[in-house]
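Q: Could you have a look at this structure, given as structure tokens, before my questions?
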Amino acid sequence: MADIAAVQRIAAPEVAEGIAPRGYWRTVAGRVRRDRLTVTAGAILLAIVLLAIFAPWAATHDPLQGDILHRLEPVGTPGHLLGTDETGRDIWSRLVYGGRLSLFCGLSPVLLATIIGGVLGLLAGMGGRLLNSLIMRICDVFYAFPSVLLAIAICGVIGAGIANTILSLTVVFIPPLVRVTESLTRQVRSRDFVEAARASAAPLHAIIRHQILPNVLGGMLVYATSLVGISIILSAGLSFLGLGVTPPAAEWGLMLNALRQAIFVEPTVAALPGVAIVITSLCFNLLSDGLRSAMDVKLPS
Amino acid sequence: MARFLAARLLHTVLILFGVSVVAFGLIHMIPGNPLDILLPPEAPKSLVDHLRAEFGFDRPLYVQYLAWLGRVFRGNLGTSIFTGREVTRELLRALGNTLVIAVPAAVLAFGLGTTLGTVAAFNYGKPLDKLISVLVILGLSVPHYWLGIVLVIVFAVEWNVLPAAGMGGSGGLPTSWHDLSFLVLPVATLSMIPIGVIGRMVRSTVLEILGNDFPTALRAKGLRSRHVVFHVLKNAAPPTVAVMGLQLGYLLGGSILVETVFNWPGSGQLMDLAIFRRDVPVLQGTVLVLAAFFVLINLVVDIVQALIDPRMRR
């Protein structure tokens, strides 16, 4: 790699002494910073994440401790600003603690699927015809299931629980990530600089690390962030069906299900957990849109 | 075109085979004996063995798979462990009920989605475009099961103008205004996500086409703007058809959450019951049929796309 660095020095001597060129990621960061909507979405997300992390300090009550005398208090009750649920637990505290599980169950499938799907997609994109067909045809089969159906079927079979929710959603998200990564990899692979690296006898792992990966990661990142919103909605949906997080834990989908019985008594309180899901997934979708336009990524369909 | 058709058909058959393997294999990951749910723990061993043999659970997995596949080809999905009724009949009735809400939802979403997307694209950058874009991204960010609850709160609890749940009548196609009123909230809820997805897709596709030279050329030669719109939409049709097909499949497979909210006796509710009753034949049959539906819709979409756009016939 030393000679490539030397070539770059020769090719761009004035850059080395003059003003440093703005790197790709700094350009992207600059564009994002000027995009008010994306910045706002990011700030709200940061606040939600911080509230979830520091839940013990942000919460005003124990999220699991009910109070039988103060069940289903309306929004604005002194001491229970967002009201209480059907067993008298404080809604604000449960929402704050619920953010921990909801964010964890929504983010980790996308993260896991990005890693696994990314590796499989790189293999399929860089490997020979046989490896490519093997990986892509298996993906096709999983693609043949509507995502909600597949997630519910897997969770329904292996049982409820946090780990099973994450597992089932990871399985659902792997095929689309493999497809996107494979397609991006093949695009980059046919470019001249990869040919040049190969001609200069760079080993395969070096080509993947220095030529392929840096050009594929951006697209993967944009695609992965666009899945987080869906992932949060789906994981809360699994809990809503009783197939995800189990009671009495605080989780937004589970809270929504439990409060369904209360829509005739305290409709506003019953709708609140959904508001938390909407705000979070909306912010992730806006962030993903902002990243997409800032990075000027065109994803293969 | 014939070659394209042959290749697509072969591909579909292979995918369907893979789907059947996954559907069968997945359901057999259920821990324990599928009959445990039916029999008390103190059931005599002779009865357990007899029932196991009757349902075929004593045979090796690949034999069970082949026997199941053979029966599936004859349209027999087995009998429910829980109710003892034929799975095929139960499933067809449930699927019919799901179509009663999925088809209107699809029509509504296709109409509204394409209209919103086109209007937004032709008003690119104007307040109308921004308003539609906000609505569309909101549609993608709202959990539909929550929207269902909110609609029930507003229209059934607060205003009391529409029924909160159930199907009214005796199932099947609605026969009266009263039956029809039960459709309104589930259809509205179900159509939200596809409206968002289609609206977003149509907007970006139309924008891309407007970036070509030919719309400008058409305008330059004096064509009226509605004729230009027609030419642009014709070019936007193939990808739109593809997304619509996918969305119809999602409506069928993903209606389970909405059916739970509205207590709608469709395929989603059947699957939900099968999961909680650990009813292997029903679960297997439902997953297989819904996935097969999805695969066939994709086949139809591919053929339609090839018919309207010769470039797709590769």
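The values are calculated or read from the model by the stated rules, or taken from the named source; none is laboratory data. What you see is a predicted model; the values in this text were computed from it and never measured. Note that we place each Cβ from the backbone using ideal geometry, even for glycine, and neighbour counts take in every protein chain shown.
Q: Specify the residue that is farthest from B:VAL13 (Cα to Cα); the eligible residues are those in the range B:53-90 that are in contact with an Asp or Glu (Cβ under 9 Å, 6 or more places away or on another chain) and surrounded by fewer than 16 Cβ atoms within 10 Å (Cβ to Cβ).
A: B:THR83
Q: Is there a residue in the range B:32-45 that is of a type in the set (Val, Ile, Thr), in a helix (DSSP H, G or I) and free of Cβ contacts under 8 Å to residues at least 24 places away in the same chain? Please lay out each step first, then the result.
A: Taking the range B:32-45 and keeping what is of a type in the set (Val, Ile, Thr), we get B:37.
Now narrow it down to the ones that are in a helix (DSSP H, G or I): B:37.
Going one step further and asking which of them are free of Cβ contacts under 8 Å to residues at least 24 places away in the same chain, we end up with none.
Checking the range B:32-45: not a single residue is of a type in the set (Val, Ile, Thr), in a helix (DSSP H, G or I) and free of Cβ contacts under 8 Å to residues at least 24 places away in the same chain.
Q: Follow-up. Quick test of your reading of the structure: B:LEU99 fulfils all but one of (1) assigned to a loop (DSSP other than H, G, I, E, B); (2) under 21 Å from the mean Cα position of the chain (by Cα). Name the failing condition by number.
A: Answer for B:LEU99: the failing condition is (1).
Q: Can I ask one more? If a residue counts only when it is under 30 Å from the mean Cα position of the chain (by Cα) and either closer than 30 Å to A:VAL216 by Cβ or at pLDDT 75 or above (or both), which helices (runs of 4 or more DSSP H) contained entirely in the range A:1-109 have at least 2 such residues? Full working, then the answer.
A: Values: elements: A:2-11, A:13-17, A:24-34, A:36-53, A:55-58.
In the range A:1-109, A:24-34, A:36-53, A:55-58 are the helices (runs of 4 or more DSSP H) which contain 2 or more residues that are under 30 Å from the mean Cα position of the chain (by Cα) and either closer than 30 Å to A:VAL216 by Cβ or at pLDDT 75 or above (or both).
Q: Is the range B:145-152 home to any residue that is surrounded by 14 or more Cβ atoms within 10 Å (Cβ to Cβ), closer than 27 Å to B:PRO215 by Cα and either without any contact (Cβ under 8 Å) to a residue 12 or more places away in the chain or of a type in the set (Phe, Trp, Tyr) (or both)? Talk me through it step by step, then tell me what you get.
A: We begin by selecting, within the range B:145-152, every residue surrounded by 14 or more Cβ atoms within 10 Å (Cβ to Cβ); these are B:145-152.
Narrowing further to those that are closer than 27 Å to B:PRO215 by Cα: none.
No, the range B:145-152 has no match at all.
Q: Can I ask one more? What number of residues within the range A:247-258 satisfy the criterion of being over 18 Å from the mean Cα position of the chain (by Cα), surrounded by 24 or more Cβ atoms within 10 Å (Cβ to Cβ) and either within 9 Å of chain B (Cβ to nearest Cβ) or in a helix (DSSP H, G or I) (or both)?
A: From the range A:247-258, those over 18 Å from the mean Cα position of the chain (by Cα) are A:247-250, A:254-258; that's our starting set.
Checking the rest, the ones that are also surrounded by 24 or more Cβ atoms within 10 Å (Cβ to Cβ) come to A:250, A:254-256.
Now restrict to residues that are either within 9 Å of chain B (Cβ to nearest Cβ) or in a helix (DSSP H, G or I) (or both): A:254-256.
The number of residues fulfilling the criteria is 3.
Q: Under the condition of being more than 9 Å from chain B (Cβ to nearest Cβ) and closer than 15 Å to A:THR84 by Cα, which residue from the range A:260-281 is surrounded by the most Cβ atoms within 10 Å (Cβ to Cβ)? Even if it seems obvious, please write down each step before you answer.
A: Kept after step one, since they are more than 9 Å from chain B (Cβ to nearest Cβ), are these residues of the range A:260-281: A:261-262, A:265-266, A:269, A:272, A:276.
Narrowing the set further to residues that are closer than 15 Å to A:THR84 by Cα leaves A:261-262, A:265-266, A:269, A:272.
On the way: A:GLN261: 11, A:ALA262: 17, A:VAL265: 14, A:GLU266: 21, A:VAL269: 24, A:LEU272: 21.
My answer is A:VAL269.
Q: Same structure again: Hey, does the range A:226-246 have a residue that's surrounded by fewer than 23 Cβ atoms within 10 Å (Cβ to Cβ), more than 20 Å from A:SER147 (Cβ to Cβ) and more than 10 Å from every other protein chain (Cβ to nearest Cβ)?
A: Yes, there is a match, as at least one residue in the range A:226-246 is surrounded by fewer than 23 Cβ atoms within 10 Å (Cβ to Cβ), more than 20 Å from A:SER147 (Cβ to Cβ) and more than 10 Å from every other protein chain (Cβ to nearest Cβ).
Q: I'm trying to understand the selection: among the residues of the range B:234-289, which are β-branched (Val, Ile, Thr) and in contact with a His (Cβ under 7 Å, 6 or more places away or on another chain)?
A: Selection gives B:VAL258 alone.
Q: Give me a count of the residues in the range B:194-236 that are hydroxyl-bearing (Ser, Thr, Tyr) and under 25 Å from the mean Cα position of the chain (by Cα). Lay out the reasoning, then the answer.
A: Quick first cut of the range B:194-236, residues hydroxyl-bearing (Ser, Thr, Tyr) only: B:204-205, B:216, B:225.
With under 25 Å from the mean Cα position of the chain (by Cα) added as a condition, the list becomes B:204-205.
Looking only at that region, the number is 2.
Q: Next question. Scan the range A:113-129 and give yes if some residue there is within 14 Å of another protein chain (Cβ to nearest Cβ) and among the hydroxyl-bearing types (Ser, Thr, Tyr), otherwise no. Show your work before the answer.
A: Going through the range A:113-129, the residues within 14 Å of another protein chain (Cβ to nearest Cβ) turn out to be none.
No.
Residue-wise test of (1) away from chain A (no Cβ under 14 Å); (2) over 26 Å from B:PRO265 (Cα atoms).
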{"residue": "B:ALA7", "(1), (2)": "no, yes"}
{"residue": "B:VAL21", "(1), (2)": "no, yes"}
{"residue": "B:PHE24", "(1), (2)": "no, no"}
{"residue": "B:LEU66", "(1), (2)": "yes, yes"}
{"residue": "B:THR79", "(1), (2)": "yes, no"}
{"residue": "B:ALA106", "(1), (2)": "no, no"}
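Q: Quick one: B:VAL206 ticks every box in (1) in contact (Cβ under 8 Å) with a residue 40 or more places away in the chain; (2) within 13 Å of another protein chain (Cβ to nearest Cβ); (3) of a type outside the set (S, T, N, Q) except a single one, so which number is it?
A: In the conditions (1) in contact (Cβ under 8 Å) with a residue 40 or more places away in the chain; (2) within 13 Å of another protein chain (Cβ to nearest Cβ); (3) of a type outside the set (S, T, N, Q), B:VAL206 misses (2) alone.
Q: Which one of these does B:ALA43 not meet: (1) surrounded by fewer than 13 Cβ atoms within 10 Å (Cβ to Cβ); (2) farther than 26 Å from A:PHE145 by Cα; (3) of a type in the set (Gly, Ala, Ser)?
A: Among (1) surrounded by fewer than 13 Cβ atoms within 10 Å (Cβ to Cβ); (2) farther than 26 Å from A:PHE145 by Cα; (3) of a type in the set (Gly, Ala, Ser), B:ALA43 violates only (1).
Q: Condition check: in contact (Cβ under 8 Å) with a residue 40 or more places away in the chain and away from chain B (no Cβ under 14 Å). Does A:ILE152 satisfy that? Walk me through it before giving the result.
A: On the way: in contact (Cβ under 8 Å) with a residue 40 or more places away in the chain: yes; away from chain B (no Cβ under 14 Å): no.
Considered against the rule, which asks whether it is in contact (Cβ under 8 Å) with a residue 40 or more places away in the chain and away from chain B (no Cβ under 14 Å), A:ILE152 comes out as no.
Q: Among the residues of the range A:122-141, are any within 16 Å of the chain's Cα centre (by Cα) and surrounded by fewer than 20 Cβ atoms within 10 Å (Cβ to Cβ)?
A: Checked against the condition, which is being within 16 Å of the chain's Cα centre (by Cα) and surrounded by fewer than 20 Cβ atoms within 10 Å (Cβ to Cβ), the range A:122-141 yields no hits at all.
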